[in-house]
Structure formats: structure tokens, C-alpha cells
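First the structure, in the form of C-alpha cells, and then the observations on it.
The values are calculated or read from the model by the stated rules, or taken from the named source; none is laboratory data. Note that this is a predicted model, so its numbers are computed, not measured. Cβ sites come from the backbone with ideal geometry, for glycine too, and all protein chains shown count toward neighbours. We work out accessible area using only protein heavy atoms, side chains counted, and drop any ligands, DNA or RNA first. Shrake-Rupley method; radii C 1.70, N 1.55, O 1.52, S 1.80 Å.
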Amino acid sequence: MSSRPGVRLGPLVGGILLILLALVIGLFLGGHPNLLPGFLRSAFVDDSKTRLVQETLNIVDDDYYRKVDQKELVNRSVDGLVGSLHDQFSQYFDPRSYAAFQRESNGEFSGVGTSVMGVKSGLRVAQVFPRSPASKAGIRAGDIIVEVNGKSLAGRRSTEASGLIRGKAGTAVTLTYIRSGHRTTKRLTRAALTVPPVESRTILFHGSKLGYVKLLQFSSGAHGEVGKAVKAQLAKGAKGIVFDLRHNPGGLLDEGVLVSSVFIPKGVIVSTDGRHRPKHVFNAEGPTPDPTGPLVVLVDRGTASAAEIVTGAIQDRHRGKVIGTRTFGKGVFQEIRNLSNGGALKITVGEYFTPTGRNLGGGGVKEGRGLQPDVKASDNLKTKADEALQVALRTLAAETR
């Protein structure tokens with residue numbers, strides 16, 4: 001009796017072992033397709049582009065003179081691929097930098113408290129958040145950060161360069177920046193920051209009570225904060241609103257539409273079009289606290305992306321006057337695509353157009369002419385006074401009388 005089950009199990013065990021052996025061999029060859037005979041490699045791995053990348057990674061992993069971290073190698077490879085697009089707006093986030101990007105999109109930072117835009121020599125400071133280490137150190141919007149801890153930022157991808165600035169709260173970082181041709185180096189201590197997206201206050205200007213609302217970034221939920229701030233100023237008796245979008249690098253497209261809807265009750269805000277994205281028209285969604293009250297928008301060269309969408313809609317729809325200097329000139333928009341490694345790709349997928357059909361870029365991802373203000377005004381960084389704001393207040397007050 002005991003010998004009969006043994007006779008039956010023998011072939012079964014042997015079959016299982018053969019299946020497991022085949023599986024192991026298959027997994028190994030799947031990771032090393034260069035070891036397969038040509039006819040099998042073509043049959044089972046027919047994507048030549050994928051095969052080429054995998055072959056290269058395998059050769060480096062197997063034969064390079066020193067051990068290379070595979071994850072780091074893949075991250076740099078993907079970053080290099082995106083860099084080859086020569087698109088300053090597209091970027092690859094590895095898992096750690098993507099987690100930081102998501103926190104920043106919700107107004108949470110761990111760093112020195114700046115938002116930046118990539119330039120050839122390094123990073124141009126778009127804005128400095130109040131009460132941040134950068135603010136306390138005297139760093140201003142418009143400064144060009146050229147070195148971090150003695151490392152030059154020239155030629156680096158903006159994600160890599162800004163990643164050198166970020167770090168754990170309490171740690172030190174040394175920044176070298178250029179302002180008006182003068183080079184300055186300062187040591188800062190990073191901090192954990194939660195930055196409210198909106199600042200607001202009531203200003204009494206030559207007898208006129210005016211509301212001032214500044215949007216720092218188009219993070220998730222920004223439209224709700226802008227709406228609340230506008231309502232609060234109107235409730236305090238403000239006869240008009242100054243909406244400050246200076247140094248605002250933009251953010252989420254949907255937030256741009258919703259923030260525009262705080263001032264524009266109905267109609268077209270922006271339209272988009274792309275190679276694999278059918279043309280789409282975004283209309284105002286409301287609610288609009290004060291659809292016809294006096295309004296001016298303050299802009300400068302740091303006003304970009306979603307901030308330009310809002311400004312363009314207000315200008316094209318004749319909802320308010322634009323005060324300041326020309327805006328950045330970004331005419332494209334990006335989408336975030338999650339990747340299997342926990343990272344993400346922010347990639348340019350199309351162009352956007354203002355309600356009258358203007359594209360603000362210079363053709364594709366090139367920087368364009370941007371929006372021209374209705375009233376020119378600029379702030380003198382050498383003085384404490386905010387000259388551009390004074391022009392905006394004077395223009396608004398004239399419309400409230």
C-alpha cells in the first residue's frame with residue numbers, strides 16, 4: 001500500500017521541478033535577452049527599442065569595472081531621456097522628488113522657501129515665501145542661484161538643481177546667487193514650511209477702501225482660498241480688488257480655470273490643443289463673488305503658466321486691467337503621468353490659447369512674448385516702496401469713484 005502512492009508522486013514531483021526550472025530560466029533570459037539565440041530573441045523580445053535599453057543596462061550591470069546602483073542608473077537614464085527633449089517644462093521625478101513635488105503642490109515645503117524656474121546659469125527665484133529662511137536671508141525674486149554648497153548649477157536640469165536645495169528641516173545649505181551682476185553667498189538653515197497660497201488685506205488709498213489679494217501658487221484648492229479672500233474684502237467694504245500674480249510660476253491648469261471663475265461668471269477661460277489631445281474649451285465654473293466690480297491684475301516677468309491663463313482671460317474678456325510688465329510667455333501645458341517605480345513624468349502634451357485665440361509662447365516650448373500689460377509699471381528693487389502696487393492702487397481707485 002505505501003509503495004503505490006510513491007510511484008504516482010514521482011512523475012508529479014518531477015513535473016513540478018521542471019516547471020520551476022523553466023520559470024527560473026525564463027525569468028533570467030527575460031532580464032538578459034542578449035543571451036537568447038537571434039531567432040528566439042526576435043520572437044520573444046520584438047521591441048527593438050526596449051531591447052536596446054535593456055541590453056545596455058545589462059552590459060553595465062555585468063561588465064562595468066565597478067558596481068553601479070541599478071535604480072540610480074535607471075533614474076539617470078530616464079532623466080537624460082527627458083533632458084534630450086530640450087523642454088524646460090518637462091521633467092522626470094524619481095520617487096523621492098515626486099513625493100516632495102506632491103507636498104509642494106499642497107503648500108508643504110522642506111527647504112529654504114523659494115519657488116524657482118530653470119535658466120541656463122542655474123535657477124531664477126520666482127518668489128520667496130514670507131517668514132522663510134530665504135526671506136530672512138534677504139533673497140529676492142529675480143535673484144539667480146548659481147551654486148549650491150559650492151556646486152555649479154549651470155547646465156543642470158531644474159529638478160536636479162532644485163533637489164540640491166531641498167533637504168531635511170534643520171540642515172544647512174549654502175547658496176550663491178547673482179543680483180544685478182553682484183555675486184553673494186549665504187548659509188541658510190532649511191525649515192519645514194506650510195505656505196498659505198493666499199495673502200490678503202484691506203488698503204485705504206486716498207480715501208478709497210480697496211482689497212488686496214495675492215496668490216502665491218496655483219496649488220490644489222487655491223481657488224477656494226482666493227474666493228474666500230475676495231468675499232472677505234468685499235464684506236469689509238472694499239470697492240475694488242487688486243489681484244497680485246507677480247512672481248507666480250503657475251501650477252495646476254484646473255486651478256487656473258477655477259481661479260478665473262472667481263472673477264469671470266461665464267464664458268471661455270482657455271482652450272487647449274495637442275497632438276494626442278483633442279481641442280478642449282474650458283468655461284468659467286463659478287461661483288463669482290463680484291462679477292462686475294473694479295479689478296486690476298498685477299503681473300511681472302515671473303507671472304507664468306496658470307497665472308498667465310488667468311491674466312489672459314481677464315484681459316481678453318475685458319474684465320479688468322492688467323498692470324505691470326510683460327509676463328513670462330509660456331504657451332504650453334503639462335500632464336503628470338505616474339510611473340511604476342513610484343516616480344512620475346511631467347510632460348508637455350499641448351498648447352493653450354486665451355479666449356481670443358492667443359498663444360503666449362514662442363512656438364512649442366520656447367519662451368514667447370507673453371502678455372503685455374494695459375498699464376506699464378515696475379517695482380524698483382533698490383527701494384522699500386512697491387511702486388508697481390502704487391500704480392495698481394491708483395488705477396483701481398480711479399475706477400471706484
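In summary, ARG246 fulfils each of the numbered conditions (1) within 30 Å of ILE165 (Cβ to Cβ); (2) over 21 Å from the mean Cα position of the chain (by Cα); (3) open to solvent by less than 60 Å² (accessible area, probe 1.4 Å) with the single exception of condition (2). Residue-level check: of (1) within 22 Å of LYS346 (Cβ to Cβ); (2) open to solvent by less than 40 Å² (accessible area, probe 1.4 Å), VAL262 misses just (1).
Here the condition is being at pLDDT 95 or above, over 19 Å from the mean Cα position of the chain (by Cα), aliphatic (A, V, I, L, M) and assigned to a loop (DSSP other than H, G, I, E, B); of ALA169, ALA232, ALA238, it holds for ALA238 alone. Of the strands (runs of 3 or more DSSP E) that lie entirely inside segment 60-120, not one contains 3 or more residues that are in contact with a Phe, Trp or Tyr (Cβ under 6 Å, 6 or more places away or on another chain) and under 24 Å from GLY256 (Cβ atoms).
Tell me, please, whether a residue that is open to solvent by less than 50 Å² (accessible area, probe 1.4 Å), farther than 17 Å from ALA388 by Cα and hydroxyl-bearing (Ser, Thr, Tyr) can be found in segment 220-234. No, that holds for no residue.
Could we say that SER305 is in contact with a Lys or Arg (Cβ under 6 Å, 6 or more places away or on another chain) and buried (at least 19 other Cβ atoms within 10 Å of the Cβ) here? So SER305 fits the description; yes.
Here is the figure for segment 290-312: residues that are part of a helix (DSSP H, G or I) and either of a type in the set (A, V, I, L, M, F, W, C) or over 26 Å from the mean Cα position of the chain (by Cα) (or both) total 4.
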